[in-house]
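What follows is a short report on a single structure.
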Amino acid sequence: MNDNKTRLKGVVVSDKMDKSVVVLVKRRIKDKRTQKVISRKKRYIAHDVRNQYKEGNEVIIREIRPLSKKKHFIVEGLIQESVQ
């Protein structure tokens with residue numbers, strides 16, 4: 001089966017919810033009019049089944065069916081642990 005779901009890389013900024021984390025995803029895009037590179041960022045609420053990801057961890061999130069009003073992503077894996 002071909003998995004065409006969106007995958008994003010970001011940093012966990014909050015792990016205070018039960019089985020959920022907030023992931024900040026930063027992107028750099030080129031402005032169409034001025035041709036300058038602009039930074040964009042967005043926060044996604046992602047499902048964390050085992051509550052194993054902590055603040056500062058760099059993770060990959062994958063799009064899934066809606067689990068709640070705001071939760072449409074699941075944490076797929078850890079890239080780098082925080083250095084705290």
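The values are calculated or read from the model by the stated rules, or taken from the named source; none is laboratory data. Given the structure is predicted, the values throughout are model-derived calculations rather than measurements. Cβ atoms come from the backbone with ideal geometry, glycine included; neighbour counts cover every protein chain shown.
The table below lists the values:
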| quantity | calculated |
| --- | --- |
| In segment 42-59, residue farthest from residue 72 (Cα to Cα) [restricted to those that are among the basic types (Lys, Arg) and surrounded by 10 or more Cβ atoms within 10 Å (Cβ to Cβ)] | 54 |
| Those residues of segment 30-63 which are hydrophobic (A, V, I, L, M, F, W, C) and at pLDDT below 95, in sequence order | 49 |
| Residue check, residue 27 surrounded by 10 or more Cβ atoms within 10 Å (Cβ to Cβ) and basic (Lys, Arg) | yes |
| Filtered residue count, segment 25-35, keeping only those that are of a type in the set (Val, Ile, Thr) and assigned to a strand (DSSP E or B) | 2 |
| Cβ pairs under 8 Å, 6+ apart, first in segment 5-32 and in contact (Cβ under 8 Å) with a residue 40 or more places away in the chain, second in a loop (DSSP other than H, G, I, E, B) and among the aromatic types (Phe, Trp, Tyr) | 12/53; 15/53; 21/53 |
| Test: residue in segment 36-57 that is in a strand (DSSP E or B), under 18 Å from residue 16 (Cβ atoms) and hydroxyl-bearing (Ser, Thr, Tyr) | yes |
| Matching option when the condition is among the hydroxyl-bearing types (Ser, Thr, Tyr), surrounded by 10 or more Cβ atoms within 10 Å (Cβ to Cβ) and out of contact with any Leu (no Cβ under 7 Å at 6 or more places or on another chain), among 20, 39 | 20 |
